[in-house]
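**Student:** My questions all concern the structure below.
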Protein chains: 4
Amino acid sequence: MARITGSNGARTAAAIRHAATRQIYRHGFAAMNLRTLAAEVGIQPSSLYNHIRSKQALLADLMQAHMEALLAATDAALAAAGPMPLDRLRAFIGHHVLYHMERREEVYIANFELRALDAANYGRIVALRSAYERRLMALLEEGVAAGELVVDDITVTAFALLAMLTGICTWYRPNGRLDKARLSALHTDLAIEGLRRRPCPRSA
Amino acid sequence: MARITGSNGARTAAAIRHAATRQIYRHGFAAMNLRTLAAEVGIQPSSLYNHIRSKQALLADLMQAHMEALLAATDAALAAAGPMPLDRLRAFIGHHVLYHMERREEVYIANFELRALDAANYGRIVALRSAYERRLMALLEEGVAAGELVVDDITVTAFALLAMLTGICTWYRPNGRLDKARLSALHTDLAIEGLRRRPCPRSA
Amino acid sequence: MARITGSNGARTAAAIRHAATRQIYRHGFAAMNLRTLAAEVGIQPSSLYNHIRSKQALLADLMQAHMEALLAATDAALAAAGPMPLDRLRAFIGHHVLYHMERREEVYIANFELRALDAANYGRIVALRSAYERRLMALLEEGVAAGELVVDDITVTAFALLAMLTGICTWYRPNGRLDKARLSALHTDLAIEGLRRRPCPRSA
Amino acid sequence: MARITGSNGARTAAAIRHAATRQIYRHGFAAMNLRTLAAEVGIQPSSLYNHIRSKQALLADLMQAHMEALLAATDAALAAAGPMPLDRLRAFIGHHVLYHMERREEVYIANFELRALDAANYGRIVALRSAYERRLMALLEEGVAAGELVVDDITVTAFALLAMLTGICTWYRPNGRLDKARLSALHTDLAIEGLRRRPCPRSA
DNA sequence: TATGAATGAGCGTTCATTCAT
DNA sequence: AATGAATGAACGCTCATTCAT
C-alpha cells in the first residue's frame, strides 16, 4: 500500500537536470529549448514545471549545485593533501583538472553561462565562484610565504592558471589520445614549473 | 538629389558590425536579437537586410574577419621577431595577449560562438582557428629542436597555453589595476618559464 | 483512526464555494484560476475535484444556489408584506437592496458571469433570473391595476429599476459613509417616487 | 509613386480595435484571445504586434478612447442644452441613454473590465470615469440650488441614476420592440420624475 | 479525501525574415 | 538604402483536468 513517495518524481527531476546539462552544454542556455528538453526526458513540456520553477531557475540550480559540489570536493582534496604548500597546490591543480574532465559539461556551463543569469542568481553564483578562486589564491600565498613559489601577482596568476586548467573541458574527450592521469600530470607540471623558486638564476 | 552612394551605406554596415560585436559579446549570439541590434544602429530591423544576408551570415562574417586579421597580425609580429626560437615564441605570446586585450570582444566571440555556426561556416572558421593553433605548435617545435624548450606534449601544451593566454579577454577591463604592458609581461613569463630548459635540475 | 467522514469534506466544500465566490467576484470567472483557488482553500489543485465536477459546474452551482436563495428570500419578504400593492413593492425593493448589499459578491457573479456559462447551464440560470424579474413586473402591474402607479412600459421600467437597485453591489462597502438602512431608504424613494400616481399634474 | 503612407496599416489598426471591442464585449477581456482576434481581422497573430503593444495596452487604449469620446460628446450635448438646470439634466440623461445604446459595446467594456487593467492603467481610466460621474453630480447640485430638484444624497443618487441609465446597454438590441427615442424618453422620465420638486405634498 | 505527477491544449509574445513601396 | 506591415515558426509558460497511489 505504501507508495515509494516521490520515487518517480525524483527520477524525473534527475533526468531533467541531466538532460538540461547536456543540452545547455551543447547549444548554450539561450539556444536550448524546453520542448526539446522535455522530449529528451520523455515527458510533455508542461510536465517540466512539476520539477522546475522556470528555465532560469533550472540554470541557476544547476550552476549552484555544481559550484557547491566543486567547492566541497576541492576542500576534501586539500584536506587529504597534508600541510606542505607545494603538495597542497599540486592537490588543488590535480583535482581541478580531473574534476574538469569528469564533469566537463557542468563546468563549461558554470563558466560560460553566467551572463544568462538574472541579477539575483548572478550574485549568488559569482559569490561561489569567487570562493573557489580564493582557494587558489590562498594556496599561492602560502607557497610564496613558505619561500617555495615566486609569484609576481597573485590575482593575475590565479586567473591565468584557472583559465589554463579549465580550458581542458572545452576539448577533452573520454576516448582521446591521452588518458586522464596523463593529462592531469601534464597540466600540473605546466602550471607549477613556471612558479617554482629555483636555486639557479632566471636569466633571460 | 544625388547621394554619394555607398558612403552612408558603408557607414551603416560598419555600425552594424560594431554593434553586433558588442551585443554578441555581451549576451551571446543566440540571446542577441536583431531588433535590439537595429535599434542600437538607429535603423529598423528590416533595414538590416540591406547590409547582411542573415543573422547567421553576420556572425560568420564577423568571425572570419577576426580570424583573418588575427592571423595576419600574428604573422607580421613573427616576421618582425627575428630568427631565434625563444624570441619568436615571446613575440607570439606578447602579441596574442595584447591583441586579446585590445579586441577582446571579437576574440571572445570567435572562441565561444563556434557552436552557433551552421555546418558550412563551422568548417571554414575552424580551419582558420586551427591555422592559428598550428602557428604556436610550430614555435614550440622549433624551440624544442633548438634545445631551448622542454615540452612533453606539443598539442596539449599549445592548447593549455592558448587557454591561459586567451582567458584574459574574459576579465580584462581597460581601466583595471594593471596596464596592458604589465599584463602582457606577466603572462609571457608565466607561459614561458614553465617550458624553458635550464642548466639546473628540475626536481624539488 | 476513524474520521468523522464527510465532516471535514463538507467543510472543505464550503470553503471552496466561499473562496470561489470571492475570487470570481474579484477577477471574473475567466481570469480566476483553480490553482489560486486551491491555495486559498489550503489544498492542492487536484484535490478540488473531490468536491467539484469542473470549473464550469462550480460556477453554475454557485449561481443556481444564489438565484434560488434570492427567490426564496424575496417570496418570504413579499409574504410578510401584506396585500397592499405599494407596500409589496416597497418590500420587494427594500429586500432587494439589503440583499444586494449583504451578498454583493454572489449577486455580482450572477449578474455578470452569465456569458461564462455553457449552453445548458445558461438556460437553467436565465430561467431563474427571469422568474425574479417577473416578480417585479407582477408587482408593477398590481400597482397600476390598483391605480397607485403610473408605468408607461412595464418591461423597460422593471429592467431600469433592477439596474438601478442592483448597481449598489458594485460600489457598496460595509464601512462606507452611509449604513444599509439609509441606503435602502434612499433607493426605495428614488425608485418609487418616479412611479407614484399623484393628484397634481406631472408636467412642469 | 507616392505611397498612401500608413493607409493599410491604419486600416488594420482600426479593424483590430473594432474586432477587439466586439470580442471583449462578447466574451470578456480575460476570455478573449489574440489568435481569434487576429483571425477575425484576417491577419496572423504575430501581426497584431505591429499595431498593439500588448493585450493589456489594447484594452487600456480602447477604454481611454471611449471615455474621452464620451466626455467630449457629453460636454457638447450640455453646451447645446442652454442654461436651465432641468434642461441640462434632461440633456445629460438623454445623451447618456442614446450614447449607451449606440455604443453599447464600448460602454460595457469600460464599465465591466476595469478590474482587468493593471495598476497604472486603472488609475488613468478611473480618473476619466470619475470626471464623468462628477458631471452628473454637478447637474444635480445645480438643480437643487435652483430649487427644481429634491435630492437627499447627491453621490448615492448619481450612482443610482447612472446604474439605471447604463443598464440599458446590457439588454438593448437595435431591432427590439421599442426604438431609441422611445427608450430614451422612458428612461429620462423615470430618472427625473423621482427628483422633481412638486407643488403638492409627497405624502406616503 | 488528498496528493504529486502527468497531460494536451492553448496562451501572449518574440523571432528572423520578406516584400511592396 | 530604408521602411512599415506582414509572416510562420517557435518560445516559455499556464491552464483545467486526470489518475494511480
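**Student:** With B:48, B:62, B:58 as the choices, which residue is of a type in the set (A, V, I, L, M) and either at positive phi or near DNA strand F (Cβ under 10 Å from one of its atoms) (or both)? Before you say what the answer is, go through the steps one by one.
**Tutor:** Values: B:62 fails: either at positive phi or near DNA strand F (Cβ under 10 Å from one of its atoms) (or both); B:58 fails: either at positive phi or near DNA strand F (Cβ under 10 Å from one of its atoms) (or both).
It is B:48.
**Student:** Still on this model: Residue A:48 - would you say it is assigned to a helix (DSSP H, G or I), within 16 Å of DNA strand E (Cβ to nearest atom) and not assigned by TED's automatic domain parsing to the domain that holds residue A:176?
**Tutor:** Working: assigned to a helix (DSSP H, G or I): yes; within 16 Å of DNA strand E (Cβ to nearest atom): yes; not assigned by TED's automatic domain parsing to the domain that holds residue A:176: yes.
Here the answer is yes, as residue A:48 does meet what is asked.
Here is a yes/no grid of residues against (1) of a type outside the set (Gly, Ala, Ser); (2) in contact with a His (Cβ under 8 Å, 6 or more places away or on another chain); (3) surrounded by fewer than 18 Cβ atoms within 10 Å (Cβ to Cβ); (4) under 24 Å from residue D:50 (Cα atoms):
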residue: B:10; (1), (2), (3), (4): no, no, yes, no
residue: B:20; (1), (2), (3), (4): no, no, no, no
residue: B:24; (1), (2), (3), (4): yes, no, no, no
residue: B:32; (1), (2), (3), (4): yes, no, no, yes
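**Student:** Taking the condition within 14 Å of residue B:21 (Cβ to Cβ) and more than 14 Å from chain A (Cβ to nearest Cβ), does residue B:66 pass?
**Tutor:** Numbers: within 14 Å of residue B:21 (Cβ to Cβ): yes; more than 14 Å from chain A (Cβ to nearest Cβ): yes.
For residue B:66, the condition - within 14 Å of residue B:21 (Cβ to Cβ) and more than 14 Å from chain A (Cβ to nearest Cβ) - is met.
**Student:** Another question about this same structure. Quick one: is residue B:104 closer than 30 Å to residue B:145 by Cβ and touching a helix residue (DSSP H, G or I) at 6+ places or on another chain (Cβ under 6 Å)?
**Tutor:** Details: closer than 30 Å to residue B:145 by Cβ: no; touching a helix residue (DSSP H, G or I) at 6+ places or on another chain (Cβ under 6 Å): yes.
Considered against the rule, which asks whether it is closer than 30 Å to residue B:145 by Cβ and touching a helix residue (DSSP H, G or I) at 6+ places or on another chain (Cβ under 6 Å), residue B:104 comes out as no.
**Student:** If you don't mind, there's one more thing I want to ask. Take region B:61-103 and flag every residue that is over 16 Å from residue B:132 (Cβ atoms), buried (at least 18 other Cβ atoms within 10 Å of the Cβ) and under 10 Å from the mean Cα position of the chain (by Cα).
**Tutor:** Selection gives B:101 alone.
**Student:** Right, something else. Quick one: would you say residue D:75 is at pLDDT 95 or above, more than 16 Å from DNA strand F (Cβ to nearest atom), out of contact with any Gly (no Cβ under 6 Å at 6 or more places or on another chain) and more than 14 Å from chain C (Cβ to nearest Cβ)? Step through it out loud before you land on a result.
**Tutor:** Working: at pLDDT 95 or above: yes; more than 16 Å from DNA strand F (Cβ to nearest atom): yes; out of contact with any Gly (no Cβ under 6 Å at 6 or more places or on another chain): yes; more than 14 Å from chain C (Cβ to nearest Cβ): yes.
The answer is yes for residue D:75.
**Student:** For residue B:33, which of the numbered conditions (1) within 16 Å of DNA strand F (Cβ to nearest atom); (2) in contact with a helix residue (DSSP H, G or I) (Cβ under 8 Å, 6 or more places away or on another chain); (3) within 14 Å of chain A (Cβ to nearest Cβ) fails to hold?
**Tutor:** (2)
**Student:** Further, regarding this structure: Within region B:111-147, which residues are within 13 Å of chain A (Cβ to nearest Cβ), touching a residue at least 60 places away in the same chain (Cβ under 8 Å) and surrounded by fewer than 16 Cβ atoms within 10 Å (Cβ to Cβ)?
**Tutor:** B:118
**Student:** May I ask you to verify whether residue A:90 is assigned by TED's automatic domain parsing to the domain that holds residue A:164 and either more than 21 Å from residue A:18 (Cβ to Cβ) or without any contact (Cβ under 8 Å) to a residue 60 or more places away in the chain (or both)? Reasoning before the result, please.
**Tutor:** Details: assigned by TED's automatic domain parsing to the domain that holds residue A:164: yes; either more than 21 Å from residue A:18 (Cβ to Cβ) or without any contact (Cβ under 8 Å) to a residue 60 or more places away in the chain (or both): yes.
So residue A:90 fits the description; yes.
**Student:** Being out of contact with any helix residue (DSSP H, G or I) (no Cβ under 8 Å at 6 or more places or on another chain) and either among the aliphatic types (A, V, I, L, M) or more than 13 Å from every other protein chain (Cβ to nearest Cβ) (or both): is that true of residue D:91 here?
**Tutor:** Working: out of contact with any helix residue (DSSP H, G or I) (no Cβ under 8 Å at 6 or more places or on another chain): no; either among the aliphatic types (A, V, I, L, M) or more than 13 Å from every other protein chain (Cβ to nearest Cβ) (or both): yes.
The answer is no for residue D:91.
**Student:** Among the candidates C:22, C:53, which residue alone is among the charged types (D, E, K, R) and outside any helix (DSSP H, G or I)? Spell out the reasoning first.
**Tutor:** Values: C:22 fails: outside any helix (DSSP H, G or I).
On inspection, the qualifying residue turns out to be C:53.
**Student:** Take the conditions of a type in the set (D, E, K, R), modelled with pLDDT of 95 or more and under 20 Å from residue D:90 (Cβ atoms) and apply them to residue D:135. Does it pass?
**Tutor:** Details: of a type in the set (D, E, K, R): yes; modelled with pLDDT of 95 or more: yes; under 20 Å from residue D:90 (Cβ atoms): yes.
Criteria met by residue D:135.
**Student:** Let me ask you something else. Residue pairs, Cβ under 9 Å, 6 or more apart or interchain, first in region B:48-61 and within 14 Å of chain A (Cβ to nearest Cβ), second within 11 Å of DNA strand F (Cβ to nearest atom) and not aromatic (Phe, Trp, Tyr). List them.
**Tutor:** Note: pairs meeting the criteria are B:55/B:34; B:55/B:48.
**Student:** Could I ask something else about it? If you take the residues in region C:148-175 that are facing chain D (nearest Cβ under 7 Å) and among the acidic types (Asp, Glu), which one is surrounded by the most Cβ atoms within 10 Å (Cβ to Cβ)?
**Tutor:** Result: C:153.
**Student:** Could you list, in sequence order, the residues of region C:31-45 that are under 19 Å from residue D:30 (Cβ atoms), among the polar types (S, T, N, Q) and either part of a loop (DSSP other than H, G, I, E, B) or in contact with a strand residue (DSSP E or B) (Cβ under 6 Å, 6 or more places away or on another chain) (or both)?
**Tutor:** If the condition is that a residue be under 19 Å from residue D:30 (Cβ atoms), among the polar types (S, T, N, Q) and either part of a loop (DSSP other than H, G, I, E, B) or in contact with a strand residue (DSSP E or B) (Cβ under 6 Å, 6 or more places away or on another chain) (or both), then C:33 is the only one that fits.
**Student:** Residue check: is residue B:71 hydrophobic (A, V, I, L, M, F, W, C), assigned to a helix (DSSP H, G or I) and within 16 Å of DNA strand E (Cβ to nearest atom)?
**Tutor:** Answer is no for this residue.
**Student:** Please go through region C:17-30 and give me each residue that is more than 11 Å from DNA strand F (Cβ to nearest atom), within 18 Å of residue D:28 (Cβ to Cβ) and free of Cβ contacts under 8 Å to residues at least 12 places away in the same chain, ordered by number.
**Tutor:** C:26
**Student:** Can you name the number of the only condition in (1) exposed (fewer than 15 other Cβ atoms within 10 Å of the Cβ); (2) more than 9 Å from chain B (Cβ to nearest Cβ); (3) at pLDDT 95 or above that residue A:178 fails?
**Tutor:** Answer for residue A:178: the failing condition is (2).
The values are calculated or read from the model by the stated rules, or taken from the named source; none is laboratory data. Here the structure is a predicted model, which means the values were calculated and not measured. Glycine gets a Cβ as well: all are built from the backbone with ideal geometry, and neighbour counts include every protein chain shown.
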